[in-house]
Amino acid sequence: MKVEELIKSSLAAHKEMKDDFSNCAEKRWQEKKVLKRKVLYSGQNLENVTLHGQATIEIDQNVKKNSQSSLLITTNTKIENISPRPSCGVVINFPEQDLSEYNRVSIWIYIDAVGYHNFYFHFTFGNTGEEVLHAPSLLPNQWNHVIWEVERIHRDKVKKISITPFLIGCPPEAEPMLKVYIDEVAVEKVEADYDLGWELQDRIAYCHSGFFCDAEKIAVVEKTNSKEFYLYDVENKVVFTGKPQRITTDIGNFHLLDFSEFKNSGEYYLQIDTRKTKPFVIDENPYLSSLWKSMNFLRLLRCGEDIPGVHSACHLNCRTIHEDGRSVPNFGGWHDAGDVSQFEICTAEMAHAIIDLALRVKESDQVLYQRLLEEAKVGINWLLRTSFGDGNRALAVSYRIWRDNILTPDNQTVICSTAENGPFENFCAAAAEALAYKLFKEEDPVFADWCLRTAKVDFHYGQKGYEAGIYTKRWGPSIVAQTSGEGALAAAELYAITKDEQYLNSGLKYADDVLACQQQDYPEWDKPLRGFFYEDPLHQYLLSYEHRGYEQTPIQGLVRLSEVAPNHPNSLKWKKGLELYREYILTTCDLVAPYNLLPGHVYHLDKININHFTIARTISSPEKALDILKSQVKTGIQLAENVYLRRFPIAVTRRGFHATLLSKTKAVSLLAQFFKDKKLYQIAINQLEWILGKNPFASSGMYGEGYNYHPLYVAFSGQMVGALPVGIRTYEDFDAPYWPTINNAVYKEIWGHTTGKFLWVLADLIK
């Protein structure tokens, strides 16, 4: 659908956008030829079925799909005990079997429920102690064919499969009774999806959203005997002919299909030998479609409002409690992810990104500008309302379930969080609120004044917290490079508005702290590298991220200070720091050719801060977790003894790296603007292309955009057009991409954090 049609049909992203299921990978999976099949359970008896949780089970003869009967689970979704998140379900047991010749699980599920849009389930399968978790969302009042491939899972000693519907609460529009019918549980043999590594096989890797007219336009294939490739317009007319360029890299042999010379706007597709791409655009703004779909996603993420097709007004009786007894309602803003939690750091950055984008398009696209203005206010309002005015705010809100919004006499509210104080969080809020003043001072001067007053308060307490070494209980000790970078950014924004020298002086201090964290000289390594950052001025730990990403903050602070105080004597120091980071990017940007993915981080085996990694409860100790991390580090590119550069970040549990990639990309796009550097612009574009299809799986990472996109972990909501997940992950120690059909929260969960970063990069690239 063309952008103009998309905008019109969705009422400028106010009406929910629907995806074209024919472009979804799930359709392809469903249509795979089944080569062999074995039924493990057909719903005929309860002899080998174990029930857990608050539910009943029985055999039902009336609701069935392929069998003579089905297994019926009956339960009640109206629950209040939410820690841990409640569930019920069954384990289907059978004699231990070698199922290695089968690589896919197939289950038919029917959900009988009133007033729900979806339910999410946990399925486990595999050898005992090694089961894989699959967590799809299923639609009520219809049969759901649940399938997932288990090619990489040990399955020579399988003796059970578990099926667990999560009890997600009862919203006002729903009835609490839930019936789940399980018809047939089987294993199948199919042609396995390619899910690990750099190979393309017969796929064409290209950006599904399209290409800028005046930027590089390159697709990639692995093998071909063709001497030419062709670019066709939508009328099937050849408009460009090129020759494949063979290249050899550390990750394989490939052919580049370079049609950068062609600059005409329009809709096209590529062909080489018998292979064709799907249509894509060449345009001055090829990412407008993904941008508008992102805005659709953000509207669907809103909390506290009635969102047709997703939820009614939600969490209206939930509050954040200050230690002095005061409380604030914490509904509003955006749900953070599929689990409908909320985090201040995500909200602040998302709002900041939207404001930057709005200011960028104000003169060129009024329709988009007004839509961005509206959405920015959603996030800023939440920041303003959830501040207690003393540094404490609602930082981490875990709703966990849908609620009926009723306040009871004996318990006036459902407490979802306690107020916390964190300097990074306060700086994030201050920077977003200060910029909101700039955006709204003409549109809504009263609101703008509120934003500025609150920004000053938040900055003050950010300063106090930073000086006192305060850090949040949830996020742990403050990372100096990250926090001082955000402090410099907030100070610069406040100085730009007020011209008050106190903010500039604070910014100078934070900029010095940022530069103290940077590797500014060449270390004595076999392959010297500089310009990257450590967590701290003492260079005790290298700066890295496993899941979330904030690598842009040191660069943001230095860039913004350079913009608001270009003639300050310290500006030369700031510029040098920025030039060194540019050098770091330019030195490493070609290490993942031909995909041109920016590598993850530099790691030193003795400089890994285990406190900044999430460790699953199944890991026996921090020492064991550290061993796991070091093992991953050693598969990277060695720079010196104990020093490695990884193509992908390391992680114990939270693998999935769109956010870490996009945070680095934001740093690059900022530098591209600052230095007017075309090479950096292209590097930033390359990272978006990776996410939107130019990857080994030829899979778009945004649901509903492009082609071959995977269904995502949405938990409490249905699939949402425009959603970006946590991101492509790694497998075991491999320093290579892994994108399986299995759905799991740690890499496929929808996430506002990634969307915010995506929009933030677009704010620097959009024309």
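A few notes on this one:
- Each label was represented as a point 7 Å from its Cα along the Cα-to-Cβ direction; for Asn76 and Arg385 these points are 3.2 nm apart.
- Considering only Gly210, Met177, Phe758, and ranking their Cα positions along the charge dipole of the chain that arises from unit charges at the beta-carbon of Lys, Arg, Asp and Glu, the one farthest toward the positive end is Gly210.
- Between segment 123-155 and segment 196-237, the alpha-carbon centres lie 33 Å apart.
- Gap separating the Cα centres of segment 329-373 and segment 384-428, nearest whole Å: 19 Å
- Labels on offer are (i) 1.51; (ii) 1.42; (iii) 0.95, and the one holding Cα Rg over 2.2 N^0.38 Å computed from this structure is (iii).
- Estimated FRET transfer efficiency (Glu583, Glu228; beta-carbon r; R0 35 Å; 0.05): 0.35
- Coupling constants for segment 490-502 follow from the phi torsions by the Karplus curve (6.51 cos²θ - 1.76 cosθ + 1.60, θ = phi - 60°), and in residue order they are 4, 4, 5, 5, 5, 5, 4, 7, 8, 6, 7, 4, 4 Hz; glycine and proline get x.
- The chain: Cys lacking any partner C-beta under 4.7 angstrom: Cys24, Cys88, Cys170, Cys207, Cys213, Cys303, Cys314, Cys346, Cys428, Cys451, Cys517, Cys589
- Partners for Lys499 among lysines (Cα-Cα distance below 20 Å; same-chain residues under 8 apart left out): Lys438, Lys441, Lys456, Lys509
- For Gly656, neighbours were defined as the other residues whose beta-carbon sits under 11 Å from its Cβ, and their charges (Lys and Arg +1, Asp and Glu -1) total +3.
- Stretchable slack from Lys179 to Gln638, in nm (0.36 nm times residue separation minus alpha-carbon distance): 159.7 nm
- Rounded FRET efficiency, nearest 0.05, which uses the C-beta distance separating Thr50 from Glu130 and R0 of 25 Å: 0.80
- Asp183, Asp60 arranged by Cβ crowding within 10 Å, fewest neighbours leading: Asp60, Asp183
- Length gained on full extension, Arg28 to Gln61, computed as 0.36 nm times the residue gap minus the Cα-Cα distance: 8.7 nm.
- Here's the list of lysines a cross-link from Lys15 could span, going by alpha-carbon distance under 18 Å and ignoring same-chain residues fewer than 8 apart: Lys2, Lys293.
- Whichever aspartates and glutamates have a C-alpha closer than 12 Å to that of Lys36, once near sequence neighbours (fewer than 8 apart) are set aside: Glu101, Glu188, Glu191
- Taking other Cβ atoms within 10 Å as a rough exposure proxy, Ile470, Ile619, Ile406 sort from fewest to most as Ile406, Ile619, Ile470.
- Segment 568-602 and segment 272-294 have Cα centres separated by 29 Å.
- Of all DSSP bridge pairs formed entirely within the chain, close to 90 percent run antiparallel.
- Ala616 versus Asn93: modelled label distance in nm, points set 7 Å from Cα along the beta carbon direction: 2.4 nm
- In order along segment 12-23, phi translates into HN-Hα couplings of 6, 6, 9, 10, 4, 7, 9, 7, 8, 4, 5, 8 Hz, rounded to whole numbers, per the Karplus curve 6.51 cos²θ - 1.76 cosθ + 1.60 with θ = phi - 60° and x for Gly and Pro.
- Rounded to the nearest 20, the size of the Cβ-charge dipole of the chain about its Cα centre is 660 debye, with Lys and Arg at +1 and Asp and Glu at -1.
- Under the Karplus curve 6.51 cos²θ - 1.76 cosθ + 1.60, θ = phi - 60°, whole-Hz ³J(HN,Hα) for segment 729-736, x wherever Gly or Pro sits: 10, 10, 10, 6, 8, 4, 9, 7
- Its residue count N fixes a reference of 2.2 N^0.38 Å for segment 719-765, and the Cα radius of gyration divided by that reference is 1.32.
Bear in mind that the values in this text are calculations on the coordinates, not laboratory data. In this text, all values refer to a predicted model and were calculated from it rather than measured experimentally. As a convention, Cβ positions derive from the backbone with ideal geometry for all residues, glycine included, and neighbour counts pool all protein chains shown.
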